[in-house]
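Accompanying notes for the structure given below.
The values are calculated or read from the model by the stated rules, or taken from the named source; none is laboratory data. Every value quoted in this text rests on a predicted model; they were computed, and no experiment measured them. When we count neighbours, we look across all protein chains shown, and the Cβ atoms used for this are built from the backbone with ideal geometry, even at glycine.
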Amino acid sequence: MKILITGGTGFIGRQLCRLLTDQNHSVTVLSRDPVAGARIIGEKINFITSLDTLSSADYFDAIINLAGAPIFGGRWTEKRKRIIRDSRIQTTAKLIDFIKKSDQKPGVLISGSAIGYYGDQGDAVVDETAVGHDEFSHRLCRDWEAEAEKARQHGVRVCILRTGLVTGKAGGFLAPMILPFRLGLGGRLGSGKQWMSWIHIDDHIAMVRLLLEDSTLEGIFNATAPNPVTNQEFTKTLARLLRRPALLPVPAGLLRLLLGEMSDLLLGGQRVMPVRFQQAGFPFRYPRLDPALRQVILK
């Protein structure tokens, strides 16, 4: 297959690119710096620096849209929120423009989103039909998804991946947490009762492959493991595997003071179930947290 990927040098994208090229797919990645991109994901990749360079004659069997500025990493100022939003929605809009003008349309658009779509759901069990709570992360994902859905107007199969917290080696949400925990400085966030819906990167990549290959699948999919945990359970599991105490909880008030609105991501949660992948018979390699964390930090 000929596949166009945005966000190909990110944590998920670079592992996906390596897998696809190993399987002899032709992969083209959007990157502002192809030299750096080649160092990150290999020289088998074709690079373009702008979607505007594509013509109506360019053809791809599939487009995988993973582009987006990091949502974690600092206080959400109005400027930062615009960057987060524009990096997702404007890139997706340009992909739709390319699809619209293409002489031959791609078979599928797999477009990223996040379980932030649901907002803080408390203890409710959430599947793909749930209504989102009105907050920044929900509005961001709602509008991002709406832009991707426009590809349907051009006869393209559309799959939306609402991704949870991705764990894996050399990246993901776990990476900045390991050092504090190794130093015995880890602890729950706030009450620790908020739910964390996570996914091992190997399963996430396998989900993308399934959506690429199975033309009967379309619509919204929760990319999460089937066993979400509370922040307190996650903290205890990580500390136990690292053989360190987890005695320093971070008060909710301090997180709100330091991070402002972004603290909602850490103090709120979603108990998300991947119902549509389960219905499709997806074989989870890491359905439970303990083996997933063991693979990341102990091997």
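For the reader, a short list of remarks on this structure follows.
- Scanning the stretch 82-96 for residues that are without any contact (Cβ under 8 Å) to a residue 12 or more places away in the chain and within 26 Å of THR216 (Cα to Cα) returns no hits.
- Residues (without any contact (Cβ under 8 Å) to a residue 60 or more places away in the chain and closer than 22 Å to LEU212 by Cα) located in the stretch 117-143: CYS141
- A single member of ARG256, ARG271 is surrounded by 14 or more Cβ atoms within 10 Å (Cβ to Cβ), out of contact with any strand residue (DSSP E or B) (no Cβ under 6 Å at 6 or more places or on another chain), of a type in the set (D, E, K, R) and within 23 Å of ILE71 (Cβ to Cβ), and it is ARG256.
- Check on ALA146, free of Cβ contacts under 8 Å to residues at least 12 places away in the same chain, within 28 Å of PHE60 (Cβ to Cβ) and among the hydrophobic types (A, V, I, L, M, F, W, C): yes
- Among residues of the stretch 16-55 being in a loop (DSSP other than H, G, I, E, B) and aliphatic (A, V, I, L, M), the one that is nearest to PRO106 (Cα to Cα) is LEU54.
- The criterion of at least 1 residues that are over 21 Å from the mean Cα position of the chain (by Cα) and small (Gly, Ala, Ser) is met, among helices (runs of 4 or more DSSP H) falling completely within the stretch 200-287, by 231-242, 252-259.
- In the condition set (1) of a type outside the set (S, T, N, Q); (2) surrounded by 16 or more Cβ atoms within 10 Å (Cβ to Cβ); (3) in a loop (DSSP other than H, G, I, E, B), ASP123 is compliant with all but (2).
- Within this structure, LEU185 fails the test of being crowded, with 20+ Cβ neighbours inside 10 Å and either in contact (Cβ under 8 Å) with a residue 12 or more places away in the chain or touching a helix residue (DSSP H, G or I) at 6+ places or on another chain (Cβ under 8 Å) (or both).
- Scanning the stretch 48-64 for residues that are more than 22 Å from the chain's Cα centre (by Cα), surrounded by 12 or more Cβ atoms within 10 Å (Cβ to Cβ) and not charged (D, E, K, R) turns up ILE48, THR49, LEU54, TYR59, PHE60.
- Residue within the stretch 224-233 that is surrounded by fewer than 24 Cβ atoms within 10 Å (Cβ to Cβ), under 26 Å from PRO180 (Cβ atoms), in contact with a Pro (Cβ under 8 Å, 6 or more places away or on another chain) and modelled with pLDDT under 95 present: no
- Test for LEU248: is it surrounded by fewer than 19 Cβ atoms within 10 Å (Cβ to Cβ) and closer than 19 Å to GLY186 by Cβ: yes
- Any hit, the stretch 63-85, residues being hydroxyl-bearing (Ser, Thr, Tyr), in a helix (DSSP H, G or I) and either more than 21 Å from ARG142 (Cβ to Cβ) or touching a Cys at 6+ places or on another chain (Cβ under 8 Å) (or both): no
- Of all the criteria given as (1) in contact with a strand residue (DSSP E or B) (Cβ under 9 Å, 6 or more places away or on another chain); (2) in a helix (DSSP H, G or I); (3) of a type outside the set (A, V, I, L, M); (4) farther than 20 Å from ILE160 by Cα, the one not satisfied by THR92 is (4).
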